[in-house]
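The values are calculated or read from the model by the stated rules, or taken from the named source; none is laboratory data. Worth saying up front: this structure is predicted, and the values here are computed from it rather than measured. Here the Cβ is made from the backbone with ideal geometry for all residues, glycine too, and neighbour counts use every protein chain on show. Just the protein is used for accessible areas: all its heavy atoms, side chains included, with ligands, DNA and RNA removed. Shrake-Rupley method; radii C 1.70, N 1.55, O 1.52, S 1.80 Å.
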Amino acid sequence: MSDVAVTRARVRKPSLFRSFLDHSASGGLVLMLASALALLVANSGLAGGYHAALQAHVGPLSLLHWINDALMALFFLMVGLEIKREMLDGQLATWRRRVLPGIAALGGMAVPALVYVAFNLGDADALRGWAVPAATDIAFALGVLSLLGSRVPASLKVFLAALAILDDLCAVLIIAVFYTAELSLPMLGASAIVVALLVGLNRAGVTRLWPYLALGAVLWVLVLKSGVHATLAGVVLALAIPLRNRAGMADDMAISPLHRLEHALHIPVAFVVLPIFGFANAGVSFGGVAPEVAMGSVSVGVAAGLFLGKQLGVFGGTWLALRTGLAVPPVGATTLQLYGTALLCGIGFTMSLFIGLLAFPTHPEMQDAVKIGVMVGSVLSGVLGAGVLAWAGRGRRVAIA
């Protein structure tokens, strides 16, 4: 191949961030279908087999626990890789780039949590779910955004993805600090030794992935037995994966272990892991849910937190950052489009359901209330957000860079 042909091929090759956006958007659509299928199955004659299969044990864990503790560790591994890459060498690599999505993400987590607490004051058990509406589902939100095509400027997709990545970082910290069970010090000590070995591999310049993944598997088992949620082992492993190759460069995706692993995970996580999680956890049988659960403070607090709290927090934080001159708006985006994007942040499906399971591990009725609230809040946010963005972009087509 000539030098000119090689140059053209490199130009045509999509960036890592664009590939991430494309996979997340397409995966969000598949996740929607899987969740809808779970609702249909859970409210049909197949409901008994559906729930029995999820509770069936495969070795030491039930199938549902394998999905939520092991399979989702891959999701958290990918989240950790995305956070590390974007913070060190991507859209969040400078403080100027972090300001707008950072302030929006903080507002988008604080206000929904306060809204939920307002609905559940006086109920100590229900208050454990305060963090449920604080999370944004990046796959779902980008999936809705992708349906609007060229009506939405590319800068909004970047803004939404950056915001959701910071949101995920905060959600991971919340899970680690507030939703950890009783701790086993020996297992934590053993986990610390494995983490030290991972750091040692990084410092030694090891670029082969298999030593990291082998130690990561050991770390997952130890963290599972330590009392800390096992999925956090994925985040810790991600932070140890080297971003740079032996030459110290971060742009050679053929050599960088982080880029190789991230590319390898995008498709299976987007099209296998998250749809399976959605199918396993979205199946609520409405016929078996008491009215006081469906309309109780937990479900209403979650729905209000996602639909009202998210748009107030994200748009309010964005407005404040722009008004004070701390940040500049996404290129080509109007105020109405920013508001529509803030609405989409109320789609909290994957991480919200996950936090709900951790918040109420022994209260199935509260888990059902969380699922109903997440679905209602997410659907309202998605439908209204898409409507606002479609209205804002009517009659115009924006070039997608």
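Brief remarks on what is shown
- Against the conditions (1) of a type in the set (Val, Ile, Thr); (2) within 19 Å of residue 30 (Cα to Cα); (3) open to solvent by 50 Å² or more (accessible area, probe 1.4 Å), residue 335 satisfies every one except (2).
- Residues that are surrounded by fewer than 24 Cβ atoms within 10 Å (Cβ to Cβ) and hydroxyl-bearing (Ser, Thr, Tyr), drawn from region 338-394: 339, 362
- Looking across region 343-399, just one residue is among the aromatic types (Phe, Trp, Tyr) and farther than 19 Å from residue 113 by Cα, and that is 391.
- Only one of 126, 214, 190 that is free of Cβ contacts under 8 Å to residues at least 24 places away in the same chain and farther than 30 Å from residue 29 by Cα: 214
- Residue identified as in contact with a Pro (Cβ under 8 Å, 6 or more places away or on another chain), of a type outside the set (Phe, Trp, Tyr) and open to solvent by 10 Å² or more (accessible area, probe 1.4 Å) among 92, 114, 74: 74
- Residue within region 84-99 that is free of Cβ contacts under 8 Å to residues at least 40 places away in the same chain and of a type in the set (Val, Ile, Thr) present: yes
- Hits in region 117-133 (condition: out of contact with any Ser or Thr (no Cβ under 8 Å at 6 or more places or on another chain), surrounded by fewer than 24 Cβ atoms within 10 Å (Cβ to Cβ) and either among the hydrophobic types (A, V, I, L, M, F, W, C) or not in a loop (DSSP other than H, G, I, E, B) (or both)): 117, 118, 121, 124, 127, 128, 130
- Options 307, 286; residue that is open to solvent by 30 Å² or more (accessible area, probe 1.4 Å) and closer than 23 Å to residue 37 by Cβ: 286
- Residue 158 passes every criterion in (1) buried (at least 16 other Cβ atoms within 10 Å of the Cβ); (2) outside any helix (DSSP H, G or I) apart from (2).
- Of everything in region 256-283 that is within 19 Å of residue 83 (Cα to Cα) and open to solvent by 70 Å² or more (accessible area, probe 1.4 Å), the residue that is nearest to the chain's Cα centre (by Cα) is 267.
- Note on region 51-64: among residues that are assigned to a helix (DSSP H, G or I) and touching a strand residue (DSSP E or B) at 6+ places or on another chain (Cβ under 9 Å), the one that is surrounded by the fewest Cβ atoms within 10 Å (Cβ to Cβ) is 55.
- Selected residue (criterion: surrounded by the most Cβ atoms within 10 Å (Cβ to Cβ)) from residues of region 207-245 that are farther than 16 Å from residue 184 by Cα and of a type in the set (S, T, N, Q): 231
- Candidate set: region 177-206, residues that are in contact with a Ser or Thr (Cβ under 8 Å, 6 or more places away or on another chain) and among the polar types (S, T, N, Q); chosen: the one most open to solvent (accessible area, probe 1.4 Å): 184
- Condition check for residue 324: within 21 Å of residue 146 (Cβ to Cβ) and more than 25 Å from the chain's Cα centre (by Cα): no
- Checked against the criterion of being in contact with a helix residue (DSSP H, G or I) (Cβ under 6 Å, 6 or more places away or on another chain) and within 24 Å of residue 236 (Cα to Cα), region 110-127 has no qualifying residue.
- Considering residues of region 316-332 that are assigned to a helix (DSSP H, G or I) and free of Cβ contacts under 8 Å to residues at least 40 places away in the same chain only, the residue surrounded by the fewest Cβ atoms within 10 Å (Cβ to Cβ): 323
- Number of the condition not met by residue 136 [criteria: (1) surrounded by 23 or more Cβ atoms within 10 Å (Cβ to Cβ); (2) free of Cβ contacts under 8 Å to residues at least 40 places away in the same chain; (3) hydroxyl-bearing (Ser, Thr, Tyr)]: (2)
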